[in-house]
1. Scan 135, 202, 180 and give me the residue that is hydroxyl-bearing (Ser, Thr, Tyr) and in contact with a strand residue (DSSP E or B) (Cβ under 9 Å, 6 or more places away or on another chain).
2. I'm told residue 294 meets every condition in (1) touching a strand residue (DSSP E or B) at 6+ places or on another chain (Cβ under 6 Å); (2) surrounded by fewer than 17 Cβ atoms within 10 Å (Cβ to Cβ); (3) of a type outside the set (Lys, Arg) except one. Can you identify the failing condition by its number?
3. If we keep just the residues of the range 208-264 that are free of Cβ contacts under 8 Å to residues at least 12 places away in the same chain and hydroxyl-bearing (Ser, Thr, Tyr), which is surrounded by the fewest Cβ atoms within 10 Å (Cβ to Cβ)?
4. Looking at 262, 312 in this structure, which one is in contact with a Gly (Cβ under 9 Å, 6 or more places away or on another chain) and within 21 Å of residue 147 (Cα to Cα)?
5. Does residue 195 satisfy the criteria of being open to solvent by 60 Å² or more (accessible area, probe 1.4 Å), within 29 Å of residue 275 (Cα to Cα) and at pLDDT 95 or above?
6. Just to be sure, is residue 339 more than 30 Å from residue 204 (Cα to Cα) and not in a helix (DSSP H, G or I)?
7. Mind listing whichever residues of the range 315-330 are farther than 16 Å from residue 261 by Cα and open to solvent by 50 Å² or more (accessible area, probe 1.4 Å)?
8. Taking residue 296 as the residue in question, decide whether it is touching a Gly at 6+ places or on another chain (Cβ under 8 Å) and among the aliphatic types (A, V, I, L, M).
Amino acid sequence: MDKLFVNLGENSYDIVFGDSFNQLADTLKEINAPKKLLIVTDTNVCKLYAGEINSHLNSAGFSSSVYEFTAGEENKRMDTILGICKACIDNGLDRKSMIIALGGGVVGDMAGFAASIYMRGIKFIQIPTTLLSQSDSSVGGKTGIDFMDNKNILGAFHQPKLVYINVNTLKTLPEIQFISGMGEVIKHGIIRDKDFYDFVKSNPDKIKALNSKTLIEMAKRNCEIKAKVVETDEKESGLRAILNFGHTIGHAVESAMNFQMTHGECVGIGMVGATYIANKRGLIDGGVLSDIEETLLSYGFKIKTKLPSPDTIYEFMQNDKKKSDGKLNFVLPVSIGEVIRVNDVTRDEIYSAIEYISE
């Protein structure tokens, strides 16, 4: 299996890449995982993989059990966190026990958040099963829940002890969720690595065919980009903010649409909006905007869609947790592979961008 080391001092961990769960128990033993484990998953993923993994771990000498909650972003709330914590108590988890987050970004965010507060913090690992979680949310230690219509407004930084990526789980992923994940993959190329962007841009057929070798190559290169950013800035006090490219508009659209669009779709359309602002400012020429739009289109993204009014989206943007001194922070491209952070984007520029991405 391929491995990638994320160097965060005492919070360091490995990301493991493969095409099965056959090495999971041995990998857990390598990191000296405790015997007592709780697999936290949702109703979609539970029926696909939880039984297999639970049986595999118990056969290898672990004492594992499964807790599932109802799938969906609408359940990313405190009631669900308390349900996970109750399951920890019911299954006898102590301070040396470990939670396994099995699923997509919602599962990872909530299982990680529960792990960060249960008994003032216990260890957890990520087993991401969606492209979005494999490419983004499982790496970096961000956990959290939505609250009062604001996405991820409550949470904590809590690094996993391991990320175990089985790319073959993508073969059971609905197409819309695969598209969603590609939003973060393409984003990483735009902000940090032109060669990776060109790889993704040039190989849509191989990637969409879900060839295991190609997916492992993509996953490892993608995680390398994010890991290097996180290593430099673990808690988003500087460089890590570039990972928010597309998110200032994207998160607001996601909330304004009541989560009817996937996160990755919203990031995709948010990237188009931010790139449009960069183009209008003269930071890039129209060719870069067209190139990004064509790459997104090749993976099934909409680059324009029916949206609520600019006033509604702008109002949601005012709740962005990444605001500083009352100003919205934007990440704007200056070329493929390089971005800058600004906090002087005007209301008129934002409205113009929203109109550009609206049908």
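1. Result: 135 is the single residue among 135, 202, 180 that is hydroxyl-bearing (Ser, Thr, Tyr) and in contact with a strand residue (DSSP E or B) (Cβ under 9 Å, 6 or more places away or on another chain).
2. (1)
3. 237
4. 262
5. Considered against the rule, which asks whether it is open to solvent by 60 Å² or more (accessible area, probe 1.4 Å), within 29 Å of residue 275 (Cα to Cα) and at pLDDT 95 or above, residue 195 comes out as yes.
6. no
7. Selection gives 315, 318, 319, 321, 323, 325, 326, 327, 329.
8. When the stated conditions are applied, residue 296 passes them.
The values are calculated or read from the model by the stated rules, or taken from the named source; none is laboratory data. Computed from a prediction, not measured in an experiment: that's the story for all the values here. Every residue, glycine as well, gets a Cβ built from its backbone with ideal geometry; the counts of neighbours run over all protein chains shown. Accessible surface areas use protein heavy atoms only, side chains included; no ligands, DNA or RNA. Shrake-Rupley method; radii C 1.70, N 1.55, O 1.52, S 1.80 Å.
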